[in-house]
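Working notes for the structure below.
The values are calculated or read from the model by the stated rules, or taken from the named source; none is laboratory data. All figures in this text were calculated on a predicted structure; none of them were measured in a lab. Note that we place each Cβ from the backbone using ideal geometry, even for glycine, and neighbour counts take in every protein chain shown. Side chains are part of the model used for accessible areas, which takes the heavy atoms of the whole protein and leaves out ligands, DNA and RNA. Shrake-Rupley method; radii C 1.70, N 1.55, O 1.52, S 1.80 Å.
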Amino acid sequence: MNRISTSLAVAVAAFAGLALQAEDFQPLMKATRTTWPEKQHIGVICDYNASQAQVMALAKAAGEGSLITVADTRRPEYAASAAHLIANHKADYLVLLPGDRSFRDGSFGATLAISQLGLRGVPAIGTTAVALKQGAVFSVGDGTQGEVLVTDRLIGTVDVILPNRALAQKASLVLRQEGMATIAVHAAE
């Protein structure tokens, strides 16, 4: 019986650690809604099984009326096909998930996907400063300490309104029962 209690305690501690590390997408979605109020279709490229909690957090932050198209892929070699899937489904912009294995801010897969989407006129946004170096148009989140970082150079993306750097604030942990965005998952491999 002692072994079961120890196992349960370890499992609870592990899940608590994961919950503490979850990204707060509220500042990102606030900046996005303020900058592009008409854009409600979000693209995400990720390993959906591994990043499902982040996609759900993004869906909660995006709110009801938004649509998230997920290109489910596990390998960076499929970045081009995942980007084409996102563009072909007419996503308004791509959100980089900071914890995905292959398509997080700073990863080779994300750089390839951002480049492909930029050529198709679909901007990317992220939650860390490194996303800007990859070609994201702006970034705000835990990785920027709540500060809106805006690119000084756009790569391939034209006709994009950039956010005002002073509009976003770091959100505190607020649990609300708002509606969630609809999530559509498509295999990109």
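Give me the net charge for the shell around L112: Cβ to Cβ below 12 angstrom, other residues only, Lys and Arg +1, Asp and Glu -1.
Values: positive: R75; negative: E77.
Around L112, the charge tally is 0.
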Sort the range 42-119 into rounded, prolate or oblate with this rule: let a ≥ b ≥ c be the square roots of the eigenvalues of the Cα gyration tensor; rounded if a/c is under 1.5, and if a/c is not under 1.5, prolate when a/b is larger than b/c, oblate otherwise. oblate
With 0.36 nm assigned to each residue of separation and the Cα-Cα distance removed, F108 to T34 gains 23.7 nm
Over the range 52-99, give the accessible area per residue in Å² for a 1.4 Å probe, as an integer. 39
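How much of the accessible area of the range 102-151, probe 1.4 Å, is carbon plus sulfur, in whole percent?
55
Give the peptides 43-52, 59-68 in descending order of average Cβ contacts within 10 Å, highest first. Can you show the working numbers first?
On the way: 43-52: 21.3, 59-68: 18.8.
Peptide ranking by packing, descending: 43-52, 59-68.
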